[in-house]
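This report refers to the structure that appears directly beneath it.
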Amino acid sequence: MLWEVPTAPLVPHANLSTRLFWEPQCQTQLRHLQNEARITATIPPKLEGNWVSSRCEVRPGPEFLTRSYTFYQSPTRLFRALQHYYSDSECHIPTYSLVIMGKLRLRQASWITHGATEAEHHLHEVGMVIHSQKAVHHLATRLPSSCLGLKAGGHLVPHRFYELFNAKAEKDCLGALGLSMMELELLRVETHHHPHSRPAQEMFLGDVHTDWNERVHHRPTGYQEPLQNAMHHIHPCPMCALVYRSSEQHPPILPQSPSIPLDLNGNWVSQRCESRPAVLFLTRLFVFNEEQRTWEGTYQHYTDPMCRQPSFTLLASGHYAKVGQSVKVRGATELIFKVTQAKVIVYDQALLWDFNSTQNRRCGQAGGWETGVEQDITWMDGCDALGIRLPHKEYELFKMGVDHKGRPLLFSGERPTDGSSPDRPAKRPTSFQTPMVQCSKRVGVEPRYSSYSDHSTGPKISSANALHSSLILLTILNAWCWNIYVF
């Protein structure tokens, strides 16, 4: 059995609700990302300018790419995008580039994803440049020669521009590539204010569906990793300059980085208020013990995109086993996680009422839920209302990295867009979520702080807005059986 892995006596999990929060560095990181004055966002967002990837991006499939967008100051909101695709997970070997031109119409503030703006995009033209003979052979099997204007017996040629889409000519060959620009239908721009440097701006575009067959039709409700404003970005950002200076004929060649062995020991915390498709915002904290192969995680869910209005907290723990190196994503490691214990703390009044109602779907003690009071759901084998089943097994994909400050980063597998669980090998992720940063290397030290700071002293929102957010969250949780173990 993969779970017969611990070689030392297991530490009891009696302190599950407190052990994660004693580290001052981890507490500081959480307070930093919740600082109201540090991040601002306006609706509708100001899009004009150049926006670029800050690292090699990994999409489900997997696909490896870098992106750049230029939004022009014009009444019709014209845009030009470059998407460079690669054969490796470090974006070092380019295969082909797409030039995408169109217009964008901002519609309204999203009623599903709080803080986002919904938009409508129209493509004008899409062209492709292939960068190698190997990529030519691969794409020749996917793209009909009639689409590319090739004569009988004609062949694709590297470095030549091929038109794939033209709205006026009613030409559309994008289906063969599975290209979708639905990411433009949900946007958010954040300005990050720093006391000793100029502000940095980030653009969040809509999430890409993890199922290839659903990608073209998917209307996003979550986000991808943000793009950086080319003129006002995080510092240092060496990748930003490379992507900004690129063209369809000269894709950015990102430098190869040494492979970092997976070392999970220590405490890991979210770098930002994270989003999930369908209204979920959260922060994550983890403690891993490599010797005992144990993990503990805390997922604090919120109703707002700044992660200031708490909804509920999930505390979970169990064991894990490393399977081996990933064949699909170089430098990543395949793991299997087992969840054996879980507790829930509810802050949201609408959720509290739902859990205490007679319609409670096997989740803790009906009528016994109180605001801010922890309930153990292990004895009931989980919580139907939150889609939690215990014990529970998940097939995961992890990868190590470093941020622009040289701090260790932990990338965990992206969750299925449909809310299901990667509970079998075929559903193992091939892309990643927003990485967590290591806030402490120490494990197994006695706690010095209680579980969470007093949320009652935080910023308030109106009762109408709170009720609106609560009702949306309830609707989503009741409609979908979300598996909350979001690594």
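Residues that are over 22 Å from E414 (Cβ atoms) and free of Cβ contacts under 8 Å to residues at least 60 places away in the same chain are absent from segment 202-216. For segment 350-365, residues that are out of contact with any strand residue (DSSP E or B) (no Cβ under 8 Å at 6 or more places or on another chain) and either at pLDDT 80 or above or open to solvent by less than 60 Å² (accessible area, probe 1.4 Å) (or both) total 6.
Test I130 against the criterion of being assigned by the TED database to the domain that holds L179 and open to solvent by less than 30 Å² (accessible area, probe 1.4 Å), and give yes or no. Answer is yes for this residue. Against the criterion of being open to solvent by 20 Å² or more (accessible area, probe 1.4 Å), out of contact with any Gly (no Cβ under 7 Å at 6 or more places or on another chain) and assigned by the TED database to the domain that holds F71, H250 does not qualify. Among the conditions (1) within 23 Å of the chain's Cα centre (by Cα); (2) in contact (Cβ under 8 Å) with a residue 40 or more places away in the chain, S97 misses just one, which is (1).
For (1) of a type in the set (G, A, S); (2) at pLDDT below 95; (3) within 17 Å of Q341 (Cβ to Cβ); (4) within 21 Å of the chain's Cα centre (by Cα), each residue gets a yes or a no:
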position: M380; (1), (2), (3), (4): no, yes, yes, no
position: H392; (1), (2), (3), (4): no, yes, yes, no
position: G401; (1), (2), (3), (4): yes, yes, no, yes
position: D423; (1), (2), (3), (4): no, yes, no, yes
position: A426; (1), (2), (3), (4): yes, yes, no, yes
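Does P255 count as open to solvent by 40 Å² or more (accessible area, probe 1.4 Å) and touching a helix residue (DSSP H, G or I) at 6+ places or on another chain (Cβ under 9 Å)? So P255 fits the description; yes. The residues on offer are A321, A278, A230, and the sole one that is aliphatic (A, V, I, L, M), modelled with pLDDT under 90 and surrounded by 15 or more Cβ atoms within 10 Å (Cβ to Cβ) is A278. Of the residues contained in segment 279-290, one or more are found to be within 20 Å of the chain's Cα centre (by Cα), assigned to a loop (DSSP other than H, G, I, E, B) and either not assigned by the TED database to the domain that holds G419 or not hydroxyl-bearing (S, T, Y) (or both). Out of (1) at pLDDT below 95; (2) closer than 15 Å to I388 by Cα, what's the single condition that is false for Q309? That leaves (2) as the condition not met. Taking the condition of being modelled with pLDDT of 90 or more, exposed (fewer than 13 other Cβ atoms within 10 Å of the Cβ) and of a type outside the set (A, V, I, L, M), how many residues in segment 140-169 meet it? Number of matching residues: 4. Taking each residue of segment 409-430 that is assigned by the TED database to the domain that holds K322 and touching a residue at least 12 places away in the same chain (Cβ under 8 Å) and looking for partners that are open to solvent by less than 20 Å² (accessible area, probe 1.4 Å) and of a type in the set (V, I, T) with beta-carbon atoms closer than 8 Å, six or more apart or interchain, yields L409/V437; L410/V437; R415/V486; T430/V329. Residue check: R80 meets all listed conditions (1) at pLDDT below 95; (2) more than 24 Å from H217 (Cβ to Cβ); (3) among the charged types (D, E, K, R) but one, namely (1).
Residues of segment 96-113 that are touching a strand residue (DSSP E or B) at 6+ places or on another chain (Cβ under 8 Å) and either more than 29 Å from H250 (Cβ to Cβ) or surrounded by fewer than 21 Cβ atoms within 10 Å (Cβ to Cβ) (or both): V99, M101, G102, K103, L104, R105, L106, R107, Q108, A109, S110, T113.
Scanning segment 374-391 for residues that are under 30 Å from K328 (Cα atoms) and either open to solvent by 20 Å² or more (accessible area, probe 1.4 Å) or among the aromatic types (F, W, Y) (or both) gives R389, P391.
The values are calculated or read from the model by the stated rules, or taken from the named source; none is laboratory data. What you see is a predicted model, and the numbers here were worked out from it, not measured in a lab. In this analysis, Cβ positions are derived from the backbone assuming ideal geometry, glycine residues included, and neighbour counts consider all displayed protein chains. These accessible areas exclude ligands, DNA and RNA; they are computed on the full protein's heavy atoms, side chains included. Shrake-Rupley method; radii C 1.70, N 1.55, O 1.52, S 1.80 Å.
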